[in-house]
Amino acid sequence: RKRILSGIQPTGTPTLGNYIGAVRNWALLQSDYDCLYMVADLHSLTVRQVPADLRRRTRELAALLLAVGIDPKEHVLFVQSHVPAHTELAWVLACNTQFGELSRMTQFKDKSAKHPDNVNGGLFTYPVLMAADILIYNADLVPVGQDQTQHLEIARDIAGRFNGIYGDTFTLPEGYVPAAGAKIMSLAEPTKKMSKSDTNINSFILMTDDKDAIVRKFKRAVTDSDGVVRFDRETKPGVSNLMCIYSTFTGKSNDEIAAEFEGKGYGDFKLAVAEVTADALAPVQAEYARILADKAYVDEVLKSGAERASRLANRTVSKVYRKVGLLQLD
Ligand code: AQP
């Protein structure tokens, strides 16, 4: 079976964007692929974190991934920093990546503009660590949101170049962008993507939001003055985003949704979007509460995940060290 690697950062409680664009699909992919899913705590250090919060969120995120249905027996769920081989490989790859390549990354430009007081080296070399995350397991497929395709491209470039110089070592990974809901937008500024670290709490729905909060936030969602439920990303980004969410949970097409709400106001539509979202999240939330209460179980899963991931990852690092000429003792 083909192998999948994907990760999510513990930078906040996951949003509906993370759910629709990423983790919901992770659960579905388990029947067709061998999956490795990672809580990317090292990546989250590129933005300053409160240590106690980061620790708590890391365990919570693992519990949430279990709650959406990640099966830790059949697949591997682990925390990035628990597998030191990622950073070991990242160093070798960094020495094989050009400054110019990294300078072209749009996420670096965006994030450094967002945090001008903390434009650190990790933010700049983030794509190298991400390449290491993927290449270390020889992942065939990497499910990512649209925002990550440039990083996947650089991972392929790094792998191809390394293979060219040192001989066949890495699998060239393919991106896997889900067809629907690839990018869920902010409810407050629908031309921006929904982000868990957004400072405006009305911009996102959290996976842990209760029904009242979900209804309240959708009611406030920015739309337009046109009053017609119709899909047009350019001129009606707010309504189109809500249609995308509604479509995800109901399986209805944009035309069907437009017909359903013809002659009705945005109020009715927003309430319907809130209903289907709350219904979809409710079982995950119940499971999350149950799993999180059993801290020992979550930690046991992560311990076993780290061991299994390390076995695979260490093999790649040994091979790479040997190929680049680092002395290895018997
Ligand atoms: N709005 C979104 N719509 C669809 N997919 C999304 N993803 C993130 N936001 C959306 C996908 O979720 C996965 C995990 O993302 P991440 O935690 O690694 O970081 P991110 O992409 O930077 O997500 P956030 O929520 O915006 O986090 P912060 O606020 O910390 O930057 C990825 O596959 C991503 O594509």
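The values are calculated or read from the model by the stated rules, or taken from the named source; none is laboratory data. Just so we're clear, the structure is a prediction, and the values are computed from it rather than from any experiment. A quick note on method: Cβ atoms are made from the backbone with ideal geometry, for glycine too, and the neighbour counts reach across all protein chains shown.
Worth a mention:
- Annotation: of all residues in region 196-221 being more than 14 Å from the ligand (Cβ to nearest atom) and among the acidic types (Asp, Glu), the one that is nearest to GLN49 (Cα to Cα) is ASP209.
- For region 107-148, a residue qualifies if it is in a loop (DSSP other than H, G, I, E, B), β-branched (Val, Ile, Thr), away from the ligand (no atom under 12 Å from the Cβ) and under 19 Å from the mean Cα position of the chain (by Cα), and exactly one does: ILE136.
- Wholly within region 230-330, helices (runs of 4 or more DSSP H) carrying at least 2 residues that are in contact with a Gly (Cβ under 8 Å, 6 or more places away or on another chain): 237-250
- For region 94-109, the criterion of being more than 23 Å from ASP147 (Cβ to Cβ), in the same structural domain as ALA309 (by TED's automatic domain parsing) and either buried (at least 17 other Cβ atoms within 10 Å of the Cβ) or modelled with pLDDT of 95 or more (or both) is satisfied by at least one residue.
- Residues in region 1-32 that are among the hydroxyl-bearing types (Ser, Thr, Tyr) and surrounded by 19 or more Cβ atoms within 10 Å (Cβ to Cβ): 4 in all.
- Criterion applied to PHE124, PHE162 was being of a type outside the set (Asp, Glu), more than 19 Å from ARG308 (Cβ to Cβ) and out of contact with any Lys or Arg (no Cβ under 9 Å at 6 or more places or on another chain), and the one residue passing it is PHE124.
- Of all residues making up region 7-63, the number that are assigned to a loop (DSSP other than H, G, I, E, B) and out of contact with any strand residue (DSSP E or B) (no Cβ under 7 Å at 6 or more places or on another chain): 12
- Considering THR248, THR277, THR316, the condition of being modelled with pLDDT under 95 and hydroxyl-bearing (Ser, Thr, Tyr) is satisfied by THR248 alone.
Yes/no matrix, rows are residues, columns are (1) modelled with pLDDT of 95 or more; (2) among the basic types (Lys, Arg):
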residue	(1), (2)
SER203	yes, no
ASP209	yes, no
VAL222	yes, no
SER225	no, no
PRO237	yes, no
MET243	yes, no
LYS252	yes, yes
GLU256	yes, no
LYS264	no, yes
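- Qualifying residue in region 69-80 (condition: more than 9 Å from the ligand (Cβ to nearest atom) and on the phi > 0 side of the Ramachandran plot): yes
- Residues that are in a helix (DSSP H, G or I) and closer than 30 Å to ALA286 by Cβ do not occur anywhere in region 194-201.
- Inclusion of MET194 among residues that are of a type in the set (A, V, I, L, M) and closer than 15 Å to GLN146 by Cβ is warranted.
- Within region 238-256, residues that are not assigned by TED's automatic domain parsing to the domain that holds VAL222 reach no partner that is of a type in the set (D, E, K, R) and modelled with pLDDT under 95 with beta carbons closer than 6 Å at six or more positions or on different chains.
- Tally of residues being closer than 14 Å to VAL144 by Cβ and within 7 Å of the ligand (Cβ to nearest atom) across region 1-49: 11
- The lone exception for LYS183 - which of (1) buried (at least 19 other Cβ atoms within 10 Å of the Cβ); (2) within 12 Å of the ligand (Cβ to nearest atom) it fails: (1)
- In region 40-64, residue surrounded by the fewest Cβ atoms within 10 Å (Cβ to Cβ) [restricted to those that are in contact (Cβ under 8 Å) with a residue 60 or more places away in the chain and of a type in the set (Val, Ile, Thr)]: VAL47
Residue-wise test of (1) free of Cβ contacts under 8 Å to residues at least 40 places away in the same chain; (2) aliphatic (A, V, I, L, M).
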residue	(1), (2)
LEU66	no, yes
CYS95	yes, no
GLN98	yes, no
GLU101	no, no
LYS111	no, no
ASP133	no, no
LEU141	no, yes
LEU152	yes, yes
GLY175	yes, no
